[in-house]
Amino acid sequence: MLPTVMESYGVSDRTKMKLLCITTLLLVSQVTTQNTRYDGHEVLKIFPKTTNEASYVLNMVQKYGLDVWHVHHNDSSLDVKIWPTISSTVKQDLTNTRIPFFTWIKDIQSLIDQQFAPITSHVNKRATQQFMFTVYHSFAQIEAYVASLSQDTGTGPSGDSIYSSNAVIGYTEENRQIHLVKISKPSNQAKKAIFVDGGIHAREWISPAFVLYLIDQLKYNPDQLQSVEDLVDTYDWYIVPVLNPDGYSYSFASDRLWRKNRRTNSGTSCHGVDLNRNFGYQWNPAIGGSTSACSDVFSGVSAFSEAESKAIRDYFANSNADFISYLTVHSYGQMWLYPWGYTSALPNDYVDLDAAGNTARDAIRTRFNTRYTVGSSTNVLYSAAGGSDDYAKGGAGIKYSYTLELRDTGRYGFVLPESSIIPTCQETMDGVIAFANDLKVLPQT
């Protein structure tokens, strides 16, 4: 299937060329100057069997400052990153307490090197070809692509024009622009709207990759599918490809596993705030966040302290769009999650949220048999206050608000290879189509 996809996206018949010559030198410098390396860093999959063992593992996480990549509720396991100087100590500790574990990823740096190798090899191709959806792109390239969208119109099988417009909804600490793309088709009737954002967490590269793919599908409909044109017939789409451009750029240039934004925190050399702990609905660092600026889940000094979260809040507050759904795209874990993240209690309309999520889950599974889990964030993943989906639903009043956790379940984790981009995008697009169709018949209030 991939050769066909490569042909359709790498060298298509579209008249509009997405030329990115000006960013080639920038990308070369980025892929050759990674300062932080992860040689010998491992990811362990740990299986605490009892509450006491789970508490013991969590104490180990705090004691050694371990990085918990993911929590699997289906088998009560945790993916935990460790580094060479503590590897034998942590493993011996788990062995002595008879807590089962195995090494999920033996050397994170080798996966990073494998991921950057094709990025480097694609540099020259990108200077002469259209924007390629089969590879990961720097933020500068994404900006160039977004700018190019306003230069033409797309069409679906009906032949009707599909339009896009670009807006800047905020500026980051490092003065990068937060771009929003609106995709719409003229209509005499008012439409509901769907908001999508990607790249809140810098290291989750598959998130912007899918959001860009979604933009291309909605505007240009390369396969001329009626099911895709139906999406713009029914809804206006508001899409932020990269909500955290500072962090995303830093993950290309310096630290592939960087998560937060690049906030300069007063009184410490530690940078960044976890944007998905900074939104203002039930904000509470004690629930899945932290008051430590050096923590990967630092919630910020206050709710909406960050330019990126403020940009979403202010856009919702000032927009005339009638938003029916909010989708924030993350990785990894293969989950379609709805609020709440701050409590295990379910929203009053959880039956509706569950129904729409299950429709998406079933559609995703059809193509490649990829299995997703549906449920509330706290009950399926973990408790975390200050999430954007909690704010979208509880603060902005958007009924169908979700966090999408894309591939995979841990084999590559955050370092998903480029060979997985198109399959991930295709199945997720299947889910979005089915989900959006389901909203037409589900309760709207």
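Miscellaneous remarks
- In segment 305-330, the residues that are under 15 Å from K260 (Cα atoms) and modelled with pLDDT under 95 never reach a residue that is hydroxyl-bearing (S, T, Y) and not in a strand (DSSP E or B) with C-beta atoms less than 8 angstrom apart, at least six apart or across chains.
- Restricting attention to segment 298-321 and to residues that are assigned to a helix (DSSP H, G or I) and of a type in the set (A, V, I, L, M), the residue that is nearest to S266 (Cα to Cα) turns out to be A307.
- Only listed residue being crowded, with 21+ Cβ neighbours inside 10 Å, in a helix (DSSP H, G or I) and either out of contact with any Lys or Arg (no Cβ under 6 Å at 6 or more places or on another chain) or not hydrophobic (A, V, I, L, M, F, W, C) (or both), chosen from Y391, Y326, Y342: Y391
- Residue check, V232 β-branched (V, I, T), crowded, with 20+ Cβ neighbours inside 10 Å, over 17 Å from the mean Cα position of the chain (by Cα) and outside any strand (DSSP E or B): yes
- Failed item in (1) in a strand (DSSP E or B); (2) out of contact with any strand residue (DSSP E or B) (no Cβ under 7 Å at 6 or more places or on another chain), with V181 passing the rest: (2)
Residue-wise test of (1) modelled with pLDDT of 95 or more; (2) surrounded by 20 or more Cβ atoms within 10 Å (Cβ to Cβ); (3) part of a helix (DSSP H, G or I).
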{"site": "T103", "(1), (2), (3)": "yes, no, no"}
{"site": "Q114", "(1), (2), (3)": "no, no, yes"}
{"site": "P118", "(1), (2), (3)": "no, no, yes"}
{"site": "K125", "(1), (2), (3)": "no, no, yes"}
{"site": "T128", "(1), (2), (3)": "no, no, no"}
{"site": "F131", "(1), (2), (3)": "no, yes, no"}
{"site": "A147", "(1), (2), (3)": "yes, no, yes"}
{"site": "P157", "(1), (2), (3)": "yes, no, no"}
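- Scanning segment 70-90 for residues that are assigned to a helix (DSSP H, G or I) and surrounded by 14 or more Cβ atoms within 10 Å (Cβ to Cβ) gives I86, S87, V90.
- S207 vs. criteria among the polar types (S, T, N, Q), closer than 30 Å to L66 by Cβ, under 20 Å from the mean Cα position of the chain (by Cα) and surrounded by fewer than 19 Cβ atoms within 10 Å (Cβ to Cβ): no
- Scanning segment 264-276 for residues that are out of contact with any strand residue (DSSP E or B) (no Cβ under 7 Å at 6 or more places or on another chain), open to solvent by 10 Å² or more (accessible area, probe 1.4 Å) and not polar (S, T, N, Q) yields G267, C270.
- Within segment 421-444, restricting attention to residues that are open to solvent by 20 Å² or more (accessible area, probe 1.4 Å) and either within 25 Å of V68 (Cα to Cα) or of a type in the set (D, E, K, R) (or both), the residue that is nearest to the chain's Cα centre (by Cα) is D430.
- The set of residues from segment 350-369 being buried (at least 16 other Cβ atoms within 10 Å of the Cβ) and either in contact with a Pro (Cβ under 8 Å, 6 or more places away or on another chain) or assigned to a strand (DSSP E or B) (or both) comprises D352, L353.
- Some residue of segment 195-206 being part of a helix (DSSP H, G or I), within 30 Å of I112 (Cβ to Cβ) and not hydroxyl-bearing (S, T, Y): yes
- Scanning segment 380-410 for residues that are in contact (Cβ under 8 Å) with a residue 60 or more places away in the chain, more than 19 Å from H201 (Cα to Cα) and touching a strand residue (DSSP E or B) at 6+ places or on another chain (Cβ under 9 Å) yields a total of 7.
The values are calculated or read from the model by the stated rules, or taken from the named source; none is laboratory data. What you see is a predicted model, and the numbers here were worked out from it, not measured in a lab. Positions of Cβ are generated from backbone atoms using ideal geometry, with glycine treated the same way; all protein chains shown enter the neighbour counts. Accessible surface areas use protein heavy atoms only, side chains included; no ligands, DNA or RNA. Shrake-Rupley method; radii C 1.70, N 1.55, O 1.52, S 1.80 Å.
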